[in-house]
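Nothing in this text is a laboratory measurement; each read-out follows from the coordinates by a stated rule. The shown structure was predicted, so the numbers you read here are calculated from the model rather than taken from an experiment. Virtual Cβ from ideal backbone geometry, glycine too; neighbours counted across all protein chains shown.
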Amino acid sequence: MKKVFSGVQPSGDIHIGNYLGAMRQFVALQEDYECFFCVVDLHALTVPQDPIKLKENTIELAGLYLAIGLDPKKVTLFIQSHVAAHAELAWLLQCMTYFGELSRMTQFKEKSKGKETVSVGLFTYPDLMAADILLYNTHYVPVGEDQKQHLELTRDIAQRFNNRFGETFVVPEPMILKFGARIMSLTDPTKKMSKSDSDPNNRINLLDEPSVIKKKIMRAVTDSETEIRLDWENKPGVSNLLTIYSLFTGMEIEEVVNKFKGQGYGTLKKELAEVVIDKLTVIQKNYKDLSRDYVLKVLKEGAERAQAVAEKTLREVKEKMGLILKD
Ligand code: AQP
């Protein structure tokens, strides 16, 4: 069976961009692939985190994975730092990655822009991501558009390793949705919706109360015209709202545009709020039904399964690179 790996950072509130761009796909994939889904807490540490909040976010994200419909009998769900092989392989891969390659990463440039200091971890983040993926001999990686460049680097590293040390890693392929892979901010629709944006109104979180969802959508930035049409260049705000409507209802985008043609922005926003509230209420109910003990049990069992696979790959890599194995 082909393997799938993906991770989400517990770096803040999980929003509909994470869900529509990546997590929603995971649920369908669990039926046909051997899936590993991870709470990538080590990645979250690349920018400063409040330790108490990080722990809360980690358990919350694991609960959300279950609440959206992942079945721990079908998938391996675990916390990245529970499997030490991720950090170990990341080091080995760092020794095979060029400084120039990491310097070209757009996410690093964006996240370090205007900052007086940035961690070395933020710079080497793509190597940790490559380790996450390559440890499981992953064939497919379902991610949002913003992770495409990191995936390309992962492929380059895997090929470089295989060329130098012999066939070892599966060279993974990204699975990026053709539509909805980049959900935009509600307050500035030229930027992507993001957990770390300082303005909480930029995003709708999966666990937002209905009244908050409605308020955020009604305040979403549009434009000074009145016409509803899909036009990313001139009307990114309206185009984003239409896209979210289409993704949550399963209606084709053309159908959605026709439905709202000739109506005001207020109607689009009101109806969108109802659709989003309806969908998120189901996830929120599932989430509330989970006990912390159950989530921890799933994560423990997941880590044991993941560790067995990861350790095997790591041993092979160490051996090929010339390290002496302890046993
Ligand atoms: N706006 C988005 N639209 C579509 N997909 C998105 N993803 C993130 N934002 C959008 C996808 O969600 C998955 C998990 O993301 P991540 O936790 O790895 O972090 P990120 O990509 O850096 O996204 P965030 O939410 O903006 O987090 P912060 O602010 O902490 O950096 C990935 O598959 C991502 O592509």
Quickly work out the K215-to-K300 label distance, labels modelled 7 Å from Cα along the C-beta direction, and quote it in nm with one decimal. 4.0
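State, as an integer percentage, the relative contact order of the chain based on alpha-carbon contacts under 8 Å between residues 6 or more apart. Numbers along the way, then the final one.
Details: 492 pairs, mean separation 72.9, N = 327.
Relative contact order here is 22 percent.
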Selection of GluC sites (Glu not before Pro), the range 248-303, meeting DSSP coil and at most 11 other Cβ within 10 Å: E252
To the nearest 10 degrees, how steeply does helix 265-288 sit against the main Cα axis of the chain, on a 0 to 90 scale? 40
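May I ask you to sort S81, S198, S6, S119 by Cβ crowding, counting other Cβ atoms within 10 Å and putting the fewest first?
Details: S81 17, S198 6, S6 24, S119 14.
Going from sparsest to densest Cβ surroundings: S198, S119, S81, S6.
In the range 16-84, what GluC sites (Glu not before Pro) fall in a loop by DSSP, with at most 10 other Cβ atoms inside 10 Å?
E31
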Of the candidates I277, Q263, T313, the farthest towards the positive dipole end of the range 180-327 (Lys/Arg Cβ +1, Asp/Glu Cβ -1, centred on the Cα centre) is T313
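Working out 0.36 nm times the residue gap between D32 and M321, then minus their Cα-Cα distance, what length gain in nm do you get to one decimal?
Net length gain for the segment: 100.7 nm.
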How large is the helix-only mean residue ellipticity at 222 nm for the chain, computed as the sum of -39500 (n - 2.57) over DSSP H runs with n ≥ 4, divided by its residue count, in deg cm²/dmol to the nearest 500? -16000 deg cm²/dmol
Two decimals is fine: what is log10 I(q)/I(0) at q = 0.11, 0.14, 0.20 Å⁻¹ for the range 210-287, from a Debye sum with one equal scatterer on every Cα and no solvent? -0.27, -0.43, -0.84
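Write out the trypsin sites (Lys or Arg not before Pro) in the range 258-315 meeting two conditions: DSSP loop, and at most 16 other Cβ atoms within 10 Å of their Cβ.
Working: sites: K259, K261, K269, K270, K279, K285, K288, R292, K297, K300, R305, K312, R315; in loops: K261.
The qualifying sites are K261.
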Rounded to the nearest Å, the spacing of the alpha-carbon centers of the range 191-234 and the range 236-314 is 15
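Could you give the length gained on full extension between W91 and I52, defined as 0.36 nm per residue of separation minus the Cα-Cα distance, in nm?
Values: separation 39, 0.36 × 39 = 14.04 nm, distance 2.70 nm.
Additional length available on full extension: 11.3 nm.
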Using 32 Å as the Cα-Cα cut-off, could you pick out the over-long pairs in K74/K191; K53/K214; K297/K326; K109/K178; K148/K320? K74/K191
Kirkwood Rh over alpha-carbon pairs of the range 2-91 plugged into Stokes-Einstein at 20 °C, 1.002 mPa s gives a D in µm²/s of 158
Going by alpha carbons, how many degrees (0 to 90, nearest 10) lie between the helix axis of 236-249 and the longest principal axis of the chain? 80
Nearest-ten-degree value, helix 292-321 long axis tilted from longest Cα axis of the chain: 50
Once label points are set 7 Å from the Cα along Cα→Cβ at both K73 and K270, what is their separation, rounded to one decimal in nm? 4.5
Need one number: the % of Cα-Cα pairs in the chain sitting beyond the 27 Å mark. 46
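List the longest stretch of the chain that has no exposed loop site; here a site is one of the chymotrypsin sites (Phe, Trp or Tyr not before Pro) assigned by DSSP to anything other than H, G, I, E or B, with at most 16 other Cβ within 10 Å. Walk me through the numbers on the way to the answer.
Working: sites that count: Y98, F179, W232.
Longest run free of exposed loop sites: 1-97.
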